[in-house]
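Here the structure is laid out as structure tokens; the discussion comes afterwards.
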Amino acid sequence: MLGDRIISRINASPQRRITFAQFMELALYDPQDGYYAKKAVDIGAQGDFFTSPHLGTDFGELLATQFAQMWEILGQPVPFTLVEMGAGQGILAADIIKYLYKNYQSCFQALEYVIVELSPGLKQQQQLLKGLAADKVSWRSLEEIADNSIIGCIFSNELLDAMPIHLFLLENGQLGEIYVSTSNEAAFIEIVSAPSSPRLAQYFDLVGVDIAQIASNGSYRSEINLAALDWLSTVAQKLQRGYLLTIDYGYSATRYYNPMRSQGTLQCYYRHQHHNNPYINIGRQDITAHVDFTALERWGDACGLQKLGFTQQGLFLMALGLGERIAAISSNTGDLNHLLQRRDALHQLIDPQGLGGFGVLLQCKGLTSQEISTQPTGLSC
Ligand SMILES: C[S@@+](CC[C@H](N)C(=O)[O-])C[C@H]1O[C@@H](n2cnc3c(N)ncnc32)[C@H](O)[C@@H]1O
């Protein structure tokens, strides 16, 4: 059992504790029993949660339109490399590749599609993509991609929210870190002690948040995603010329670390139920936290990534033609149930309270000033 193995790991650790980030890494990515290591992760309409690609091909098709335009802006490079990070079941990859094949043949000819997926269990991707432009798709680890080699776009949908985060507690003006330990009474208990790394305190300088202010109403707990910053440093090194597109749920730092949000954003998903107890259903539930987009922008800046724009998914997709797709449904004469379902799916993609409220951050590297001035359509709303 994964829970027992985590307990043994804690017992063998100095001071019999591990950081929450270590706990979350084991619960999600233990190669044997972690949530994302399972043969078929339960993502989708009937699963623990669903993502935009599960609502039909539109999300992938509109993204494909954006990538085809990026290819034009970059001067039609060959190869044009799309690196999808954390591709899950591979649904999005299939939608993008098919749409480029049907509608943007020249871009498709130049395409090289690389999937970087941490979970060995998600070989579903290979099944789904088998036979679909097999010579165009490859699987690599981030380390296997040479520095300064990618001309194209590195992108992700709901990747960063699944990265292991550190938990902190602010009390009486003091920054403490929440560690996971064990006791006789409960398998897992939280204990608070000095931060495991000076990077936790430095993080607040990076994002320009005054911890004395956010904790002025008493104790305050939340998360810090250092793994996202490390990922950004590595990804920036891989990119020679092109874009980094990040889609996820999250906030700017001032909204994230708002005094009102005193319990953070950690959520667990198990069979379409969500709750905030990460210490149950170990290896069987997803654990996530919102993304701090200010941190990505500022850390990206330090890594040579220039911010081109930040918008919401709803606006991004509307700019790329989702409105026309909704309008076309009314003039369509087909099976009514199917049309209503599709209309509902498209509305979900742009619902500001749901997927439509996700953040879309576009950064770039190595572009000429003329290329920078040609704004990708998705940012035009
Ligand atoms: C929430 S799922 C999203 C899946 C997919 N992008 C979608 O939209 O349905 C997160 C995915 O990211 C993968 N992942 C997490 N950390 C990763 C990393 N550092 N590198 C590559 N993949 C990662 C997980 O294994 C999982 O497949």
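General observations
- Residues of the range 143-170 that are open to solvent by less than 20 Å² (accessible area, probe 1.4 Å) and aliphatic (A, V, I, L, M): ILE145, ILE150, ILE154, LEU160, ALA162, ILE165, LEU167, LEU170.
- Per the listing LEU63, LEU28, the residue uniquely within 9 Å of the ligand (Cβ to nearest atom), modelled with pLDDT of 95 or more and not aromatic (Phe, Trp, Tyr) is LEU28.
- If the condition is being under 29 Å from GLY3 (Cβ atoms), in a loop (DSSP other than H, G, I, E, B) and more than 16 Å from the ligand (Cβ to nearest atom), then the range 185-229 contributes GLU185, ALA186, ALA187, PHE188, ALA194, PRO195, SER196, SER197, SER219.
- Candidate set: the range 44-60, residues that are within 11 Å of TYR99 (Cα to Cα) and free of Cβ contacts under 8 Å to residues at least 60 places away in the same chain; chosen: the one farthest from the ligand (Cβ to nearest atom): THR57
- Those helices (runs of 4 or more DSSP H) of the range 260-351 in which at least 2 residues are in contact with a Cys (Cβ under 8 Å, 6 or more places away or on another chain), considering only elements entirely within it, cover 313-319.
- Residues in the range 122-139 that are more than 12 Å from the ligand (Cβ to nearest atom), open to solvent by less than 50 Å² (accessible area, probe 1.4 Å) and without any contact (Cβ under 8 Å) to a residue 40 or more places away in the chain: LEU129, LEU132, ALA133, LYS136, SER138.
- Among the residues making up the range 359-378, a single one is over 24 Å from the mean Cα position of the chain (by Cα) and among the charged types (D, E, K, R): GLU371.
- Residue in the range 113-121 that is away from the ligand (no atom under 12 Å from the Cβ) and either over 21 Å from LEU362 (Cα atoms) or open to solvent by less than 30 Å² (accessible area, probe 1.4 Å) (or both) present: yes
- Evaluating PRO352 against the criteria (1) closer than 23 Å to ALA162 by Cα; (2) of a type outside the set (D, E, K, R); (3) free of Cβ contacts under 8 Å to residues at least 12 places away in the same chain; (4) open to solvent by 40 Å² or more (accessible area, probe 1.4 Å) leaves one unmet condition, (3).
- Cross-chain or 6+ apart pairs with Cβ under 6 Å, the range 85-97 first and within 14 Å of ILE247 (Cβ to Cβ) and hydrophobic (A, V, I, L, M, F, W, C), then open to solvent by 10 Å² or more (accessible area, probe 1.4 Å) and near the ligand (Cβ under 6 Å from one of its atoms): MET85/VAL116; MET85/LEU159; ALA87/GLU117; LEU92/PRO53
- Matching residues in the range 140-184 - criterion: being more than 16 Å from the ligand (Cβ to nearest atom), β-branched (Val, Ile, Thr) and outside any strand (DSSP E or B): THR182
- For the range 262-276, the candidate set comprises residues that are closer than 18 Å to LEU169 by Cα and either hydrophobic (A, V, I, L, M, F, W, C) or open to solvent by less than 60 Å² (accessible area, probe 1.4 Å) (or both); within that set, the residue that is farthest from the ligand (Cβ to nearest atom) is SER262.
- GLN237 outside any loop (DSSP other than H, G, I, E, B) and at pLDDT below 95: no
The values are calculated or read from the model by the stated rules, or taken from the named source; none is laboratory data. No experiment lies behind these values; they were computed from the predicted model shown. A quick note on method: Cβ atoms are made from the backbone with ideal geometry, for glycine too, and the neighbour counts reach across all protein chains shown. Heads up: the accessible areas ignore ligands, DNA and RNA and are worked out on the full protein's heavy atoms, side chains in. Shrake-Rupley method; radii C 1.70, N 1.55, O 1.52, S 1.80 Å.
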